[in-house]
Amino acid sequence: MAQSMLYSWPTFVFALFIAVLGHFLYSGYVSRSRVNRLRRAGLPMPQWNWVTGHLLVFKHHLSRYPSDTFVSVIIADMARQFPTELFYLDLWPFLDPALIVCSPEAATQVSNTLNLPKPRLYKTIIDPITGGPNILTTNGKEWKYWRSLLNPGFASAHMLDQVSAIVDSVEIFCDQLRKRGDVFRLEDVSTRLTVDIIMKVVLDLDLDYLRVSHPLADALLKMISWSSFGNPFYRFHPIRPFIIKYYGNVMQRIVLKELNKRFEEYTHRKWGSSIDSGSDVKSKSVMALTVESYKTDKEGKISKLDSHFATFASHQVRLFLFAGHDTTTSVLVYVYHMLHEHPEALARVRKEHSKVFGTDPRFAAPKLRDSPALLNQIPYTLAVIKETMRLYPPSGALREGVPGACLSDLNGTQYPTNGCIVSQLHYAIHYNSRVWPHAKSFLPERWLVDAKHELYPPPGAFRSFEQGPRNCIGQTLSFLELRIALVMTVRIFRIRPAYEEWDGLKEERWIKRVLKKYGFARDEKSSINGERAYQVEKGGAHPKDGYPCKIELLETA
Ligand code: HEM
């Protein structure tokens, strides 16, 4: 008996190995055959072969850039050879065949005309962070129900009620910046700011992460660092599932506890007025308003937070924490960078703030608290933010192709989407010189001219928040916090990049020192076209090395 078991175990393992290999090769064959059919139909794609698909072409383009470059930048480089602004890319086994979209017209077909579903790939990557289904990854009725419950919490009018809470966080951000005489990574402090803000706005929870660590935020950042964004090998790391599970539980415990607390406060009317009486209550968190919509939906018949609602709501809170901090942080840091690179724009922003908030920058905070609507009177600042987001889009957007759905290019050629990931490449669309005159230049003015002006942004071309029904639910909040942060900082601090100093501070590993000594390695100052703060792959796109910088306090402060 024991002997037959010994005999059967290796056989079993071998059979399993053959089955897994067979499945792998078969799915590779299916994937490559699909691309081959598209190739034979004459649709645009780079040089292709059965064994490597487009991997070698991709590698060739990658070799022109630092190895950590944001992947959209590499694919946009490949896109330059396709005037069709649409092409197929076969990176199996790392990704299903992809239809790359670099034209605003085709992107509008994806998001508005066809409204293609979100891909299954999102579930694999995002759901472990959020703990389960959420409005970023679900489709159809499930998505619609939750989006309609959550929308009121993000409405513009309600967001203005959050200004005071955001100002409080930005004041602490300023205190932290004041303390920094050294070279430091601006992104680290900015991340703490956006995490604090998102939790206040979404859950009315003050993490005070700008000053101290917090298990919720720490768990989120740990989970992100263990996720497979940008590096597909992470997906196969043997201890990754345990790490994700552990930190997921930490997050879930805290979020559920806070949600229950909010519900208790809600039912005991601690928010200052009665929900049941139907009166308006100001300064409520997104989740408070969601509970309110839910209760209305159930005709008021809930007396405790039911576990189905609580679980799903906790996924949304975790999603907001994830989606709401990463992108906004990246934009904030790049806005400071652009203002440093364009002193004339910085001078104009400062002048605009002095005109609206008074010449003494110390009074900006009380003015904002008293009259949040003043934020609508700084159009040039908003234009600077949008232009920065055009040049440094923090993400892109993926959809799943479906049978019968085709995209058409400007010549009317049809591109089947079935079996493909449809990738709206924000980076390539934002640098598309057919639709953006002077596409590489930083021109905030293009956001201020009237519709007849040649610089006027064409419809569908600015996609940082995506467009159509699945656009970003948090865009009003992001514009709000970015403007508040700028109003409260640009007249107080001078922020400049400090990559050279940072290079000097970095500890070189002993192995690199040895290799350099014998001529096998050299100093690498990675940059793209001289830009040290290039976008690197890290979930979304982030400035290289977290933007090492130095801060000076201005005399007016
Ligand atoms: C500058 C900041 C931001 C940028 C650039 C950004 C970008 C985007 C993009 C491109 C999408 C579409 C993704 C896709 O279709 O694959 C999206 C969706 C989404 N964003 Fe944002 N986002 C930002 C801030 C926020 C904030 C602050 C929140 C938090 C509340 C948030 C929450 C979401 C959610 C929940 C969705 C999914 C919406 C849906 O499918 O119904 N985002 N965002």
Checklist entry - Taking the condition buried (at least 24 other Cβ atoms within 10 Å of the Cβ) and of a type in the set (Gly, Ala, Ser), does Ser307 pass? => result no
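Could you tell me whether Arg34 is open to solvent by 20 Å² or more (accessible area, probe 1.4 Å), touching a residue at least 60 places away in the same chain (Cβ under 8 Å) and part of a helix (DSSP H, G or I)?
yes
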Item to check | Boolean, Arg434 is more than 21 Å from Thr191 (Cβ to Cβ), in a loop (DSSP other than H, G, I, E, B) and either open to solvent by 20 Å² or more (accessible area, probe 1.4 Å) or more than 16 Å from the ligand (Cβ to nearest atom) (or both) | outcome: yes
Item to check | Residue that is farthest from Lys304 (Cα to Cα), among those in the stretch 248-291 that are modelled with pLDDT of 90 or more and polar (S, T, N, Q) | outcome: Asn249
Next on the checklist: For Ala557, only one of the following conditions fails: (1) at pLDDT 95 or above; (2) under 24 Å from Ala364 (Cα atoms); (3) open to solvent by 40 Å² or more (accessible area, probe 1.4 Å). What is its number?
Outcome noted: (1)
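Looking at Arg178, Arg185, which one is away from the ligand (no atom under 16 Å from the Cβ), crowded, with 16+ Cβ neighbours inside 10 Å and of a type outside the set (Ser, Thr, Tyr)? Let's see the steps before the verdict.
On the way: Arg178 fails: crowded, with 16+ Cβ neighbours inside 10 Å.
Within the list Arg178, Arg185, the selection yields Arg185.
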Next on the checklist: Given the criteria modelled with pLDDT under 95 and surrounded by fewer than 18 Cβ atoms within 10 Å (Cβ to Cβ), does Arg369 qualify?
Outcome noted: no
Item to check | Selection count where residues are touching a Gly at 6+ places or on another chain (Cβ under 6 Å) and open to solvent by 20 Å² or more (accessible area, probe 1.4 Å), scope the stretch 390-418 | outcome: 2
Checklist entry - What pairs can you find where one residue is in the stretch 102-118 and within 16 Å of Leu398 (Cβ to Cβ), the other is at pLDDT 95 or above and more than 15 Å from the ligand (Cβ to nearest atom), and their Cβ atoms are less than 6 Å apart, with a gap of 6+ or different chains? => result Cys102/Ala79; Cys102/Glu85; Ala106/Leu86; Ala106/Leu407; Gln109/Leu407; Leu114/Ala405
Checklist outcome for this item: Subset of the stretch 73-103, residues buried (at least 24 other Cβ atoms within 10 Å of the Cβ) and assigned to a helix (DSSP H, G or I), comes to Ala79
Item to check | Subset tally (residues that are away from the ligand (no atom under 11 Å from the Cβ), of a type outside the set (S, T, N, Q), in a helix (DSSP H, G or I) and surrounded by fewer than 21 Cβ atoms within 10 Å (Cβ to Cβ)) for the stretch 143-166 | outcome: 6
Next on the checklist: Please determine whether any residue of the stretch 502-524 is modelled with pLDDT of 95 or more and assigned to a helix (DSSP H, G or I).
Outcome noted: no
Next on the checklist: Residues that are over 29 Å from Lys179 (Cβ atoms) and among the charged types (D, E, K, R): does the stretch 486-509 have at least one?
Outcome noted: yes
Next on the checklist: Yes or no: the stretch 385-392 includes at least one residue that is away from the ligand (no atom under 16 Å from the Cβ) and modelled with pLDDT of 95 or more.
Outcome noted: no
Item to check | the stretch 102-158, residues that are aliphatic (A, V, I, L, M) and in contact with a helix residue (DSSP H, G or I) (Cβ under 8 Å, 6 or more places away or on another chain) | outcome: Ala107, Leu116, Ile126, Ile129, Ile135, Leu136, Leu149, Leu150, Ala155
Item to check | All positions within the stretch 441-487 that are more than 13 Å from the ligand (Cβ to nearest atom), farther than 20 Å from Leu374 by Cα, touching a residue at least 12 places away in the same chain (Cβ under 8 Å) and part of a loop (DSSP other than H, G, I, E, B) | outcome: Phe442, Leu443, Glu454, Leu455, Pro457, Pro458, Pro459, Gly460, Ala461
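Looking at the stretch 351-365, which of its residues are part of a helix (DSSP H, G or I) and either over 22 Å from Ile172 (Cα atoms) or open to solvent by 60 Å² or more (accessible area, probe 1.4 Å) (or both)?
Lys351, Glu352, Lys355, Val356, Arg362, Phe363
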Checklist outcome for this item: Cβ pairs under 8 Å, 6+ apart or interchain, first in the stretch 198-226 and farther than 20 Å from Asp175 by Cβ and open to solvent by 10 Å² or more (accessible area, probe 1.4 Å), second within 14 Å of the ligand (Cβ to nearest atom) and modelled with pLDDT of 90 or more, ordered by first then second residue, are Leu205/Met199; Leu221/Thr191; Ile224/Ile129; Ile224/Phe322; Ile224/Asp326
Item to check | Positions within the stretch 169-200 being within 16 Å of Asp545 (Cα to Cα) and not in a helix (DSSP H, G or I), in sequence order | outcome: Asp182, Val183, Phe184, Arg185
Item to check | Those residues of the stretch 120-139 which are in contact (Cβ under 8 Å) with a residue 24 or more places away in the chain, buried (at least 21 other Cβ atoms within 10 Å of the Cβ) and within 10 Å of the ligand (Cβ to nearest atom), in sequence order | outcome: Ile126, Thr130, Asn134, Ile135, Leu136
Next on the checklist: Checking the structure you have, find out if any residue of the stretch 529-537 is more than 16 Å from the ligand (Cβ to nearest atom), touching a strand residue (DSSP E or B) at 6+ places or on another chain (Cβ under 7 Å) and open to solvent by 30 Å² or more (accessible area, probe 1.4 Å).
Outcome noted: yes
Next on the checklist: Condition first: of a type in the set (D, E, K, R) and more than 12 Å from the ligand (Cβ to nearest atom). Now tell me which residues in the stretch 290-340 satisfy that.
Outcome noted: Glu292, Lys295, Asp297, Lys298, Glu299, Lys301, Lys304, Asp306
Checklist entry - When Val57 is evaluated against the numbered criteria (1) in a loop (DSSP other than H, G, I, E, B); (2) open to solvent by 20 Å² or more (accessible area, probe 1.4 Å), which criterion, by number, is the only one it fails? => result (1)
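The values are calculated or read from the model by the stated rules, or taken from the named source; none is laboratory data. Predicted, not measured: the structure shown is a model, and the values here were computed from it. Ideal geometry is used to build each Cβ from the backbone, glycine not excepted, and the neighbour counts take in all protein chains shown. For the accessible areas, the whole protein counts, side chains as well, though only heavy atoms, and no ligand, DNA or RNA atoms are used. Shrake-Rupley method; radii C 1.70, N 1.55, O 1.52, S 1.80 Å.
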